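Enquirer: Questions regarding the structure given below will be posed in turn.
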Amino acid sequence: MKQFIENLPKAELHLHIEGSFEPALMFEIAKRNKIEIPYKTVQEIEKAYQFDCLQDFLDIYYQGASVLINEQDFYDLTYSYLKKCAIQNVRHTEIMFDPQTHTDRGISFVTIINGISRACNDAEVNLGITSLLIMSYLRHLSEEDAFKTLEQSIPFKDKITAIGLDSSEKGNPPSKFKNVFEASVKEGYIPLAHAGEEGDADYIWEAIDILKIKRIDHGNNCLQDQTLVKEIIKRDIALTVCPLSNTALQVVDDLKDHPLKNMMELGLKVTINSDDPAYFGGQVNQNYIEIQKALNLSKNDLYLLAKNSFQYALIDEKTKQKYLNELEDYYNLNK
Ligand code: ADE
Ligand code: ZN
């Protein structure tokens, strides 16, 4: 199974680039930027990465991102993640970035976007991986603040495919961002959002009805409401599920209790993703490996999960078909 997963062609649809920041690279970049970080060793970092809930994690995640200053830092961070994609047979990835985490510290939008997108272009040429970018608004900040980010992004519209909504979910419902999502869609961005990770099913209703999102990040709590489950299936909206994130943030107590298999059986379109791999103990393949073991998933289940990852990617039909054919060939030879 491990080998089947490692060689399985797949896409990753839920990945925060700031959450891919491995301790070794963090030390290196902090050093060259002459920034003090509160850890001296990888062991100290690992000790700090024990989370009780989403907010607990976010505090440490924003602190880690604060050593990113120059365009080259954003390039190195992104290219380092893309190299890991190549090793894992991730053929396509949709990368979220949080501009406000950086612009609020005085880093310019152009520095962030140029570093990240140059790495994506190089990875396509050197590693054969396709990628696109999702600009995420931080939901603990105001809608007015998100509007400023939208404005800053306009000159770089050709480098950004979609918008997302992340950070502290509870107390920051999707409806708070109704106007900025409408304005973003008018600019041509595809709307996506985190919903139902810690927030209840009503937040998912708001995300699909008010923000009109095309994909739900996490979405675990849709299972609280069977009418919602039916509606998500009817509208053909996929869920980007992140098993190791869910256990690390105590959204799920144990992988054995993870609802992924149940979601699939209900007819929900589910994908497997790493969310913040440097913080949650595993890249995307590790997520596949551990959830397969915990839920005793079959090769057919894994094939369907990988198929969804291409099916619900925000790519053109021709590229999608190319990847689906590659997956089909792989499955026929290895099932
Ligand atoms: N930002 C990075 N990871 C996140 C997550 N799992 N939920 C919300 N915001 C995030
Ligand atoms: Zn996320």
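Enquirer: Quick one: accessible area per residue over the stretch 2-334, 1.4 Å probe, rounded to a whole number of Å²? Intermediate results must be reported in sequence, preceding the final value.
Expert: Values: 13350 Å² over 333 residues.
Normalised by residue count, the accessible surface of the stretch 2-334 is 40 Å².
Enquirer: Return the single residue from P243, P155, P174 with maximal mean-square fluctuation; model: Gaussian network over the chain, springs between Cα atoms under 10 Å.
Expert: Sorting by GNM fluctuation, first place goes to P155.
Enquirer: What size of dipole, in debye to the nearest 20, comes out for the chain about its Cα centre when the only charges are +1 on Lys and Arg C-beta atoms and -1 on Asp and Glu C-beta atoms? Display every interim value, and only then the final one.
Expert: Numbers: 36 positive and 51 negative charges, 196 e Å.
The dipole of the chain has a size of about 940 debye.
Enquirer: At 1.4 Å probe size, with the rest of the protein present, what percent of the exposed accessible area of the stretch 2-334 is carbon and sulfur atoms?
Expert: C and S atoms contribute 48 percent here.
Enquirer: Just subtract the alpha-carbon distance of K299 and E28 from 0.36 nm times their residue separation and send over the number in nm, one decimal.
Expert: Working: separation 271, 0.36 × 271 = 97.56 nm, distance 3.98 nm.
Separation in residues times 0.36 nm, less the Cα-Cα distance, equals 93.6 nm.
Enquirer: With each pseudo-label sitting 7 Å past Cα toward Cβ, what's the T319-Q3 distance in nm, one decimal?
Expert: 3.2 nm
Enquirer: Ok, one more. Taking θ = phi - 60°, what integer Hz values does the Karplus form 6.51 cos²θ - 1.76 cosθ + 1.60 yield along the stretch 303-316, in sequence order, with x for Gly and Pro?
Expert: Here the 3J(HN,Hα) series is 4, 5, 5, 5, 4, 4, 4, 7, 4, 9, 6, 8, 10, 5 Hz.
Enquirer: Follow-up. Mind listing the phi-derived Karplus ³J(HN,Hα) values for the stretch 249-255, rounded to whole Hz, using 6.51, -1.76 and 1.60 with θ = phi - 60°, and x for any glycine or proline?
Expert: So the J values, rounded to whole Hz, are 9, 6, 6, 10, 5, 8, 4.
Enquirer: Can you compute 3J(HN,Hα) from phi for each residue in the stretch 273-289, using the Karplus curve 6.51 cos²θ - 1.76 cosθ + 1.60 with θ = phi - 60°, rounded to whole Hz and x for Gly and Pro?
Expert: Couplings: 8, 9, 6, 9, x, 5, 9, 10, x, x, 6, 4, 5, 5, 4, 4, 4 Hz.
Enquirer: Among Q55, N70, I315, flag the residue with its Cα farthest along the positive direction of the charge dipole of the stretch 2-334, charges on Cβ as +1 for Lys/Arg and -1 for Asp/Glu.
Expert: Highest projection toward the positive end goes to I315.
Enquirer: With Rg and the Kirkwood Rh both taken from Cα atoms, where does Rg over Rh land for the chain? All intermediate terms of the calculation are to be shown ahead of the outcome.
Expert: Numbers: Rg = 18.7 Å, Rh = 19.9 Å.
In the chain, Rg relative to Rh is 0.94.
The values are calculated or read from the model by the stated rules, or taken from the named source; none is laboratory data. Predicted, not measured: the structure shown is a model, and the values here were computed from it. Backbone-built Cβ (ideal geometry, glycine too); neighbour counts: all protein chains shown. The accessibility values were calculated without ligands, DNA or RNA, using every heavy atom of the protein model including side chains. Shrake-Rupley method; radii C 1.70, N 1.55, O 1.52, S 1.80 Å.
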